[in-house]
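The values are calculated or read from the model by the stated rules, or taken from the named source; none is laboratory data. Keep in mind that this is a model prediction, so the values were computed, not measured. Counting neighbours? That spans all protein chains shown, and the Cβs are built from the backbone with ideal geometry, glycine included. With ligands, DNA and RNA removed, areas are computed over all heavy atoms of the protein, side chains included. Shrake-Rupley method; radii C 1.70, N 1.55, O 1.52, S 1.80 Å.
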Amino acid sequence: MSSAANGNDSKKFKGDIRSPGIPSRVIHVRKLPNDINEAEVISLGLPFGKVTNLLMLKGKNQAFLEMNSEEAAQTMVTYYSSVTPVIRNHPIFMQYSNHKELKTDNSPNQVRAQAALQAVNAVHTGSMTLGAIDPSGMAGPSPVLRVIVENLFYPVTLDVLHQIFSKFGTVLKVITFTKNNQFQALLQFADGLTAQHAKLALDGQNIYNGCCTLRISFSKLSSLNVKYNNDKSRDYTRPDLPTGDSQPAIEHHALAAAFAAPGIISATPYGGAHAFPPAFAIQQAAGLTIPGVPGALASLAIPGAAAAAAAASRLGFPSLPGTHCVMLVSNLNPERVTPNCLFILFGVYGDVLRVKIMFNKKENALIQMSDGTQAQLAMSHLNGQKLYGRPLRITLSKHTTVQMPREGHEDQGLTKDYSSSPLHRFKKPGSKNYSNIFPPSSTLHLSNIPPLVVEDDLKMLFASNGALVKNFKFFQKDRKMALIQMGSVEEAIESLIQFHNHDLGENHHLRVSFSKSII
């Protein structure tokens, strides 16, 4: 077989795979989605060097990418052997080709490929200021990305997103919001090609190992209109914008210091033993999961508060101080709220150690979590949620611990110590509960259901407190689990408090948590 490949006969490429130990400038890319375009394939190579040629074999869902040097190709193959790129839920695979270079002809496919290459090179050399040109003549991808963060176990701020995404190009504007009980963001780059590059590199990756998963798609918007610069939205081209009515979250700067990307991203300097390009260093340093790669943070599992603190220490950025473990919860309904009620509700987001309802002002309570991160998590999810008719008001307390009443001082059972409770959800390292933390919703996830308990039993149980049960569904593969939809989020919160750990008989105690699913 010739060492040069041309594009007039795709049959020549059958079995075109070079031994992994024999580098080539030409890389064989396989298992591409049917609707992939040339710019997306080119973007796979952009973090590693200049792409000098492209051959698309759409009928075979394959392509050949020629880099400007063997070193660039070697870095690319080494990287993607550790982190499989995913485009539209399709894992992409690549190896060295037998061909040393690509020779293309004037077929329509190759004309499109060359036009895409020219557009990319024009952007990167500065001769074109905005956007990538789709060789079909259509407009290129939007410069605005829609980002959904799933499994939000640790807080993700606007600053964290900006620091991660800005390593792929200039981020102009960011807007964060919550929709469908999910933390989301709209993020605008300077051009569509940069947005496409960031999407290819980051979609499906975890900010922290095992949680905070990025789901990225192109927005239909071509530009964002930001009115205020605060912790929810930012226009980096307009530092003069007002902050608006939205006040930054309490201790926002402390939170940013602990989790924001300057400390994380600088953890792995560019130019290590493998000489990975900047995009690779960012994925390592940002905590994105890169299994099997030396120096990556794949070992950074975050099984709980202690592991989070240890991980923060290893990375060289401060963990949240212990003073942030205690929350002040106000506007409680004193006729209904008990320490156990608060223990169950706040225990959805961390392990509650102590609860104290104020003796002289029973609308207020202090809640001590096992870790400052869990306190932030509980506060961000529960602040403003209604409990027994009143919206909760949650701030961080100046207290470092909740004091038990002194011996001989009766406080009517308003202070409880739960440090040895068997109901802690996060005590077991590696528990699946870490990846199943969601904001309060009207749908509850039920588990540990015994075989003899049927749908009507559970519907009657959850309706027994006067709440409306709108829908119910057992899991098809595992009838130990089910979803139940209540009439409102408030009813779901009260039902979780009442029925979590409810004895269903047969030594089965019901487990209740919030679900992201809708029946």
Expressed in square angstrom to the nearest 10, the accessible area of I437 with a 1.4 Å probe stands at 0
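Would you work out the charge dipole size for region 320-449 about its Cα centre, treating the Cβ of every Lys and Arg as +1 and the Cβ of every Asp and Glu as -1, and quote it to the nearest 20 debye?
On the way: 15 positive and 8 negative charges, 48 e Å.
Dipole of region 320-449, to the nearest 20 debye: 220 debye.
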For region 150-237, the dipole about the Cα centre with charges only on Cβ (Lys and Arg +1, Asp and Glu -1), to the nearest 20 debye, works out at 180
One finds the C-alpha centres of region 72-88 and region 329-383 to be spaced, in Å, by 46
Once all protein chains are kept in place, S81 shows an accessible area at probe 1.4 Å, nearest 10 Å², of 90
Counting only protein heavy atoms and rolling a 1.4 Å probe, one gets per residue an accessible area for region 195-238 in Å² of 43
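Given a 1.4 Å probe, how much area per residue of region 378-493 is accessible, in Å²?
On the way: 6570 Å² over 116 residues.
Each residue of region 378-493 exposes 57 Å² on average to a 1.4 Å probe.
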Expected field for S82, accessible surface area in Å² at 1.4 Å probe radius, rounded to 10, holds 30
Kirkwood-based Rg/Rh on the Cα set of region 320-459 evaluates to 0.99
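Can you sort M481, M404, M379 by solvent-accessible area, 1.4 Å probe, largest first? Provide the component values of the computation, followed by the final result.
On the way: M481 45, M404 70, M379 20 Å².
Per-residue accessible area, sorted high to low, gives M404, M481, M379.
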Of every hundred units of 1.4 Å-probe accessible area on region 345-476, the number belonging to carbon and sulfur atoms, as a percent, is 49
If R0 = 35 Å, then R215 and N106, at their Cβ-Cβ distance, give a FRET efficiency to the nearest 0.05 of 0.30
